[in-house]
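For reference, the structure discussed in these notes is given below.
The values are calculated or read from the model by the stated rules, or taken from the named source; none is laboratory data. Here the structure is a predicted model, which is why all the values come from computation and not from measurement. In this analysis, Cβ positions are derived from the backbone assuming ideal geometry, glycine residues included, and neighbour counts consider all displayed protein chains. When the accessible area is computed, the model is the full protein with side chains, heavy atoms only, and any ligands, DNA or RNA have been set aside. Shrake-Rupley method; radii C 1.70, N 1.55, O 1.52, S 1.80 Å.
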Amino acid sequence: MARSGMVIIGAGQSGVAAAFELRSAGWQGSITLIGDEVFLPYERPPLSKELLADNFQPVFLFTESDSIRANITVVRDHATKIVAAEHLITLKTGSSVEYEKLLLALGAEPRALPPIPVAGEARIFTLRKFDDALQLRKALAKARKVVVLGGGFIGLEIAATAASNGKDVTVLESGARILARGVPENVAAFVADRHVRGGVQIICGVTVTEIKHNEGVTLVQTGRDGAFGADLVIVGIGAVPNIALAEAAGLAIDNGIAVNGRLETSKSDIFAAGDCCSFPHPLFENRRLRLEAWNNARLQGEVAARNMIGAAIIYSAVPWFWSDHFDCTLQIAGIPALAAKEVQRLTQNAYLSFHLDPENTLIGACGFGKLGSIAKDMRVSDILIGRRRRVEPSPLSDPSLQLKSLLLDPPATIAEESVRASPRAES
């Protein structure tokens, strides 16, 4: 049995950030990072964005040497049980690990298809892990026609990647439009237009009734729109939080593992962070949110680590997300869906929308276009949302308005204030 210390289950962005933050913050005891993949921990965003790149490889979060220098024990195993009363974790191999404090960074998994008939050797793929990406990459190399089920971020990113590499791509979305849960309708329309111009066919309001494989072709049968034949089908209909381990341990569940503002679960000495947890956000009247985003996972891991060793930090980072589509980037700051008002700004190279509450507090912003045409305004929007700044709606639509002028005096550099800058998002 391993000696007691800080234990993290989940070796993704959040878990790794927590492990190294614990050491950076001065924790001298043991740190155990448990992950169930054979690879060293890696970043997930490139799996869909760079799937068909010639030099496609995992972007590892650290090396073996890094973990040795930080004295972090990496365990490649699967946690099967948490006995909270005994501060004990049981692993699939039969061994046990004691913990002083435990962080659950369990992530999410692809949402399964609704129960529909699937016949024959239907070629159906999902994408979450690097092994998934390797299988899909190999299949795509031989494919000519691809059907993507789901018009969300992952489905559309894969569609753009495949179409950019000469594949005939059709996206079938069950809802009335793409990105219904992610962005406002106007923003989604610009994303859809870029996909159509890139050769992707998008059909919404589709009900899939059956998937079958016949004479070398996988057929997606729909209720209204007929059948769509493809060499392979990719399912990208969202993700669900991994909660089974936590639920079995008696932790409170509410759209994920329920945590408080300090990322503490309902059981003492157990924390949760990243895609698997929901938390009250102080910028949005403590509304409980669950965010599936690279930056949120990283920052929550760091905050959880500090709270595990005695801090009492309330997590309050502005939600931030980005998604790549052909030569354009979609960036989202805050929670646009909570807004009462929307102000649009359209230039030759970019579309931006600003989202305000009834008191004209900026609570969300979206930008779509070439990265260089939206990055600066989105960075400023991020700061304004974090400051809960009230702004007059009408000037926001004027492209000549320098958003930086809305920042409070003394003027601060964006680099000093932005906590969510990502090398990939800013490159």
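How large is ³J(HN,Hα), in whole Hz, for each residue of the range 124-139 in order, when computed from phi with the Karplus curve 6.51 cos²θ - 1.76 cosθ + 1.60 and θ = phi - 60°, using x for Gly and Pro?
10, 10, 10, 9, 9, 10, 5, 4, 4, 5, 5, 5, 5, 4, 5, 5
Rule-of-thumb check for the range 173-238: C-alpha Rg over 2.2 N^0.38 Å?
Ratio of Rg to 2.2 N^0.38 Å for the range 173-238: 1.24.
Which residues' amide hydrogens lie under 5 Å from the amide hydrogen of ILE253, considering only partners 5 or more residues apart or on another chain, with H built in the peptide plane?
ALA258
Please express the Cα-Cα pair-distance distribution P(r) of the range 167-311 as a list of whole percents, one per 10 Å bin, running from 0 to the bin with the greatest distance.
The calculated distribution, bin by bin, is 10, 28, 24, 22, 15, 2, 0.
Quote the charge dipole size of the chain about the Cα centre in Debye, to the nearest 20; the model charges only the Cβ of Lys and Arg (+1) and of Asp and Glu (-1).
Result for the chain is approximately 220 debye, rounded to the nearest 20.
May I ask you to order 203-209, 275-281, 7-13, 399-405 by the average number of other C-beta atoms within 10 Å around their residues, highest value first?
Going from most to least packed, we get 7-13, 275-281, 203-209, 399-405.
Only helical DSSP H runs with n ≥ 4 go in: add -39500 (n - 2.57) per run for the chain, normalise by residue count and round the 222 nm mean residue ellipticity to 500 deg cm²/dmol.
It comes out at -7000 deg cm²/dmol, rounded to the nearest 500.
For the range 339-356, just list the computed ³J(HN,Hα) in residue order, Karplus coefficients 6.51, -1.76 and 1.60, θ = phi - 60°, integers in Hz, with x standing in for Gly and Pro.
Ordered by residue, 3J(HN,Hα) equals 7, 9, 9, 10, 10, 9, 10, 10, 10, 5, 10, 8, 10, 10, 9, 10, 10, 10 Hz.
Taking LYS376 as the anchor, which aspartates and glutamates have their alpha carbon closer than 19 Å to its alpha carbon, excluding any fewer than eight residues away along the same chain?
ASP324, ASP327, ASP398, ASP409, GLU416, GLU417, GLU426
Which of GLY26, GLY256, GLY198 moves most in a GNM of the chain, Cα contacts under 10 Å?
GLY26
Averaged per residue, what accessible area in Å² does the chain show with a 1.4 Å probe, protein chains only?
44 Å²
Just to confirm a number: summing +1 for Lys and Arg and -1 for Asp and Glu over residues other than ALA365 whose beta-carbon lies under 11 angstrom from that of ALA365, what do you get?
Residues near ALA365 contribute -1 overall.
Taking amide H atoms as placed 1.01 Å from N in the peptide plane, list the residues 5 or more away in sequence, or in a different chain, whose amide H sits under 5 Å from that of CYS277.
Correct list: ILE257.
Which order do the peptides 245-255, 330-340 come out in when sorted by mean C-beta neighbours inside 10 angstrom, highest first?
330-340, 245-255
Tell me the net charge near ARG224. Cut-off is 14 Å between Cβ atoms, ARG224 excluded, with +1 for each Lys or Arg and -1 for each Asp or Glu.
-3
Can you send over the carbon and sulfur percentage of the accessible area for the chain, probe radius 1.4 Å, protein chains only?
With neighbouring chains kept in place, the figure for the chain is 49 percent.
Place +1 on the Cβ of every Lys and Arg and -1 on the Cβ of every Asp and Glu in the range 304-403, take the dipole about the Cα centre, and give the residue among HIS355, ILE314, ILE385 whose Cα lies farthest towards its positive end.
My answer, from the dipole projection, is ILE314.
Please sort 146-152, 108-114, 300-306, 257-263 by packing, taking for each peptide the average over its residues of neighbouring beta carbons within 10 angstrom, highest first.
300-306, 146-152, 257-263, 108-114
State the Kirkwood hydrodynamic radius of the range 1-95 in Å, one decimal place, computed from all pairs of distinct Cα atoms.
Radius from the Kirkwood sum: 14.5 Å.
Rounded to the nearest 0.05, what FRET efficiency do ASP54 and ASP168 give with R0 = 22 Å and r taken as the Cβ-Cβ distance? Could you check?
0.55
Once Rh is set to the Kirkwood radius over Cα pairs, what Stokes-Einstein translational diffusion coefficient, in µm²/s, holds for the chain at a temperature of 25 °C and a viscosity of 0.890 mPa s?
Translational diffusion coefficient: 107 µm²/s.
Which net charge results for the neighbourhood of ILE243, defined as the other residues with beta-carbon distances under 12 angstrom from its beta-carbon, given Lys and Arg at +1 and Asp and Glu at -1?
Neighbour charge sum, excluding ILE243 itself: -3.
Under a straight-distance cross-link criterion of Cα-Cα below 12 Å, which aspartates and glutamates are reachable from LYS212, leaving out those fewer than 8 residues away in the same chain?
The qualifying aspartates and glutamates are GLU121, ASP231.
How far apart, in nanometres, would the label points at THR209 and GLU185 be if each is projected 7 angstrom from Cα along the Cα-to-Cβ direction?
Label at THR209, label at GLU185, 2.9 nm between them.
Which ³J(HN,Hα) values in Hz, rounded to whole numbers, follow from the phi angles of the range 5-17 under the Karplus curve 6.51 cos²θ - 1.76 cosθ + 1.60, where θ = phi - 60° and Gly and Pro get x?
x, 8, 10, 10, 9, x, 10, x, 4, 5, x, 5, 4
Taking LYS138 as the anchor, which lysines have their alpha carbon closer than 19 Å to its alpha carbon, excluding any fewer than eight residues away along the same chain?
Correct list for LYS138: LYS49, LYS129, LYS167.
Can you give me the long-range amide H partners of VAL206? Hydrogens built in the peptide plane at 1.01 Å from N, cutoff under 5 Å, separation of 5 or more residues or another chain.
Result for VAL206 returns GLU173, SER174, GLY175.
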